[in-house]
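The values are calculated or read from the model by the stated rules, or taken from the named source; none is laboratory data. Just so it is clear, the structure is predicted and the values come from calculations on it, not from any experiment. Note that we place each Cβ from the backbone using ideal geometry, even for glycine, and neighbour counts take in every protein chain shown. Ligands, DNA and RNA are stripped out before the accessible areas are found, and what is left, the full protein with its side chains, is counted by its heavy atoms. Shrake-Rupley method; radii C 1.70, N 1.55, O 1.52, S 1.80 Å.
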Amino acid sequence: MRRSLSTRWLGAVVGAGCVAATLLTSAAPAAVDGAGAVTITAAHSCLVMTGSGDPAFVKNFNPYTATGQPSGAFVQGAFYEPLVITPEGGLKPVAWLARHWAWSRGNKTLTLNLAHGVKWSDGKPLTASDVVYSLTAGRQDKIMDRIGLTGADNNVASIKARGAYKVLINLKTPDSQFIAATLNRQFVVPRHIWAKVKDPSNFTNPRPVGSGPFNRVTRFTTQDYVFGKNLHYWQRGKPRISCLEYVQAASNDAALALIQSGQVDWTHNFVPNVEKAYISKDKQHFHAFYATTAYPISLVLDTTQYPYSITAFRKALSLAIDRKTVSKLGEYGYAPPTDAIGLNGLFPQWVSDPAVKKQAQDMAKFDPSAAKKLLTGAGFTYKSGKLIDPKGDAVKLDIHVISGWSDWVASNQIITKNLRDIGINSNVALEPDWGAWWPNASAGKFPTLLWQGGSQGSPYGYFYANLSQNAFIPSGQDATATGNWEHFAHAGATQLLNQWKVTLSAGKQKKIATQLEKIFLQQLPIVPLFIGPRWSTYSTKYFHCFNSPKNYYGDPIFTTFPDNSLSFTRICPGGRAGA
């Protein structure tokens, strides 16, 4: 599964192995036989989901650390709930545990009025004390910091409870992005459990206590698990379905086999020619929604490492890559190519300066000759057709990808060929699964493709992740917290982002955005390539009310927090023809 990271700074073939599965006729959830093979019923009582490239499941439900593991794929959203949801696609915020909120004191104090009657799965009430604890838990351990409380640019002066159901967040300066970019990332955990955890980084949370719509682990094996419905959920009549089930798939091909046979209801993997490969198998019930109102997938390099640190080198890579062919052949046309800024999928209206727009388009043109000219102008040379860096070494750039991610494998094959055409020694480096790929990818230890994220209200978060000194993560360290995968920062951009935060004027924000776009193009910290479609392939044979073009309420991917809380509470039981 191409996981959509819950931090939102960011949240899709070689192997064709498949989970062994047998159709049964009962209406019970899937079970695991003595040999460990998953058996899935013909009539699903659980909403059955699968990913791709998953290793054997390990029982770890830590919402801070396990989101890259199958067991933690949707712990955020199922067990642990948001305060507010600012959905993907620029939709309006949705009240959740915070039922109402209001700004005061010159937009420096945010008052949250919490839902009443919410209980943890151990029966204890969820109160303002839990919310204050969750917001300030970064002081206990940095890994629990969801709002930047321990960061260099912390803008939070204090967080206090006012009674059992009110929380006051006092900021040092006004922050126009606080709800969409900061509070949107926060989930609430029980204080009486987590305050006693001595080492949150290594805590596996084997018996999670949550308030969410699915807060019971009713089965867990190395290939399959089930989360049961919260029988006392605070939102009346929700969730509408009885359980969530997640089963293992070794690759995109394996996941495709599971959904084609009807054994799985929902997946988020690339399906080549989805109309023929899936929808045609049952036109009434099989559907695909590949939303492209999204941030880009980019080629990401550690910009602190030579020669990736040379700006002209990164710009040459942009000119050397044939984005249209990558989109058409690698992504089967489902992922439109981007310009060199990468906002044309989600925020095209924010790139308003005609000169900037043209420059972004020109820098993304497929022009190998121009790429070579740019390189030689920066001190690179050629020897027997091979690119030699200014220090005299041959340039090598292998791009790493999980072997089961068929579209990224195909896309990288095109990209590496493009790079070889300008003299770079480049190949696709296949990784067996998420566990082998992700720790190095998230730390920028090798070149790879990565999704970009950010707040949905504006492109502020995108520029923050890639340009701000406050988001900077040192080379070799996991950059998941901010999405600064490439380990880059720019002083001038940092000042502009600080100005953006404190102004509530849309006009001023647009002018600042233009200045940031110019810096982005000048530096090109990442190389945007194509829009990252929000892959959702689903069946309405046993359930309906999925995210669709006609029923769009947020990100259609079940691992994207907090949008997945919307899906988990809105999806309806019962088959229905149509999307």
### Task
Mind checking the per residue accessible area of the chain for me, 1.4 Å probe, whole number of Å²?
36
### Message
Quick check on my link table: of Lys119/Lys142; Lys59/Lys238; Lys238/Lys541; Lys160/Lys229; Lys358/Lys510, which ones sit more than 22 Å apart, alpha carbon to alpha carbon?
### Response
Lys119/Lys142; Lys59/Lys238; Lys160/Lys229
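Assign one of three labels to segment 102-152, namely rounded, prolate or oblate, based on the Cα gyration tensor with a ≥ b ≥ c the square roots of its eigenvalues; rounded applies when a/c is under 1.5, prolate when it is not and a/b is larger than b/c, and oblate otherwise.
Details: a/c = 3.88, a/b = 1.16, b/c = 3.34.
Note, shape of segment 102-152 comes out oblate.
Sorted by mean Cβ packing within 10 Å, highest first, what order do the peptides 73-83, 415-425, 106-116, 538-548 take? Display every interim value, and only then the final one.
Details: 73-83: 26.7, 415-425: 20.5, 106-116: 17.3, 538-548: 22.7.
Result, highest mean first: 73-83, 538-548, 415-425, 106-116.
List the trypsin sites (Lys or Arg not before Pro) within segment 226-335 that fall in a DSSP loop (any state other than H, G, I, E or B) and whose Cβ has at most 12 other Cβ atoms within 10 Å.
Working: sites: Lys229, Arg236, Arg240, Lys276, Lys281, Lys283, Arg314, Lys315, Arg323, Lys324, Lys328; in loops: Arg236, Arg240, Lys283.
Here the trypsin sites (Lys or Arg not before Pro) that fit, given the DSSP loop and packing criteria, are Arg236, Lys283.
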### Query
Tell me, what ³J(HN,Hα) does each residue in segment 212-220 have, in order and in whole Hz, if you take phi through Karplus 6.51 cos²θ - 1.76 cosθ + 1.60 with θ = phi - 60° and put x for Gly and Pro?
x, x, 10, 10, 9, 8, 9, 7, 8
### Message
Quick query: amide H of Ala429 versus all other amide H atoms, modeled in the peptide plane; which residues come in under 5 Å with a sequence gap of 5 or more or a different chain?
### Response
Ile399, His400, Val401
### Task
Report, by chain and number, residues whose modeled amide H sits under 5 Å from the one on Val94, excluding near sequence neighbours (fewer than 5 apart, same chain).
Ile85, Thr86
### Message
Tell me whether segment 356-497 comes out rounded, prolate or oblate; compute the Cα gyration tensor, take square roots of the eigenvalues as a ≥ b ≥ c, and use a/c under 1.5 as the rounded threshold.
### Response
oblate
### Message
Please give the Cα centre distance for segment 69-145 versus segment 293-360, rounded to the nearest Å.
### Response
34
### By accessible area with a 1.4 Å probe, ligands and nucleic acids excluded, highest first: order of Arg162, Arg105
Arg162, Arg105
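Just want to confirm a number: the relative contact order over segment 158-233, from Cα pairs under 8 angstrom separated by 6+ residues, in percent. Don't jump to the answer; show the numbers that get you there.
Values: 54 pairs, mean separation 11.7, N = 76.
In percent, rounded to a whole number, it is 15.
Dividing the alpha-carbon Rg of the chain by 2.2 N^0.38 Å yields what?
Ratio of Rg to 2.2 N^0.38 Å for the chain: 0.95.
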#### Entry: Theoretical gain in end-to-end length, Asp122 to Arg236 [0.36 nm per residue, Cα-Cα removed]
39.1 nm
### Message
Considering only C-alpha atoms, what is the centroid distance from segment 502-579 to segment 467-481, in Å?
### Response
24
### Query
With charges only on Cβ, +1 for K and R and -1 for D and E, what is the dipole size of the chain about its Cα centre, in debye, rounded to 20?
1560
### Message
Can you compute the radius of gyration and Dmax for segment 429-579, using only the Cα atoms, both in Å?
### Response
18.9, 55
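Report the far tail of the P(r) of segment 285-366, meaning the percent of Cα-Cα pairs longer than 22 Å.
Working: 1136 of 3321 pairs.
When every Cα pair of segment 285-366 is considered, 34 percent fall beyond 22 Å.
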### Task
Within the set of other residues whose C-beta is less than 15 Å from the C-beta of Lys445, count the net charge using Lys and Arg as +1 and Asp and Glu as -1.
-4
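Determine the relative contact order of segment 80-197: mean sequence separation of Cα pairs under 8 Å and six or more apart, normalised by residue count, in whole percent. Please report the intermediate quantities before stating the final value.
Numbers: 201 pairs, mean separation 36.0, N = 118.
Contact order relative to length: 31 percent.
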## Note on the structure
The answer for Thr109, listing residues at least 5 apart or on another chain whose modeled amide H is closer than 5 Å to its amide H, is Ser104, Leu171
### Message
Positive end of the dipole of the chain, charges at C-beta (+1 Lys, Arg; -1 Asp, Glu), about the Cα centre: which of Thr111, Leu467, Ile512 has its Cα farthest in that direction?
### Response
Thr111
### Query
Taking Lys324 as the anchor, which aspartates and glutamates have their alpha carbon closer than 15 Å to its alpha carbon, excluding any fewer than eight residues away along the same chain?
Asp339, Asp362, Asp367, Asp407
### ³J(HN,Hα) computed for each position of segment 119-128 - Karplus, 6.51 cos²θ - 1.76 cosθ + 1.60, integer Hz, glycine/proline x
10, 6, 5, 8, x, 6, x, 8, 10, 4
### Options Ser318, Leu329, Val351, ranked by Cα towards positive dipole end of segment 281-351, top entry (Cβ charges)
Leu329
### Span from the segment 217-256 Cα centroid across to the segment 418-438 one, whole angstrom
34
### Summary
The ³J(HN,Hα) series, computed from each phi in segment 326-343 with the Karplus coefficients 6.51, -1.76 and 1.60 at θ = phi - 60°, rounded to the nearest Hz and given as x for glycine or proline, is 4, 5, 6, 9, x, 9, 6, x, 7, 10, x, x, 10, 8, 7, 8, x, 9
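Let me check against my output: what whole-number percent is the relative contact order of segment 528-577, with C-alpha pairs under 8 Å and at least 6 apart?
Values: 56 pairs, mean separation 22.2, N = 50.
This gives 44 percent for segment 528-577.
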#### Entry: Radius of gyration, Dmax [segment 39-157; alpha carbons; angstrom]
17.8, 58
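Report the extension gain between Tyr552 and Asp393 in nm, rounded to one decimal, defined as 0.36 nm multiplied by the number of residues separating them, less their alpha carbon distance. Please list the in-between numbers first.
On the way: separation 159, 0.36 × 159 = 57.24 nm, distance 5.13 nm.
Value of the extension gain: 52.1 nm.
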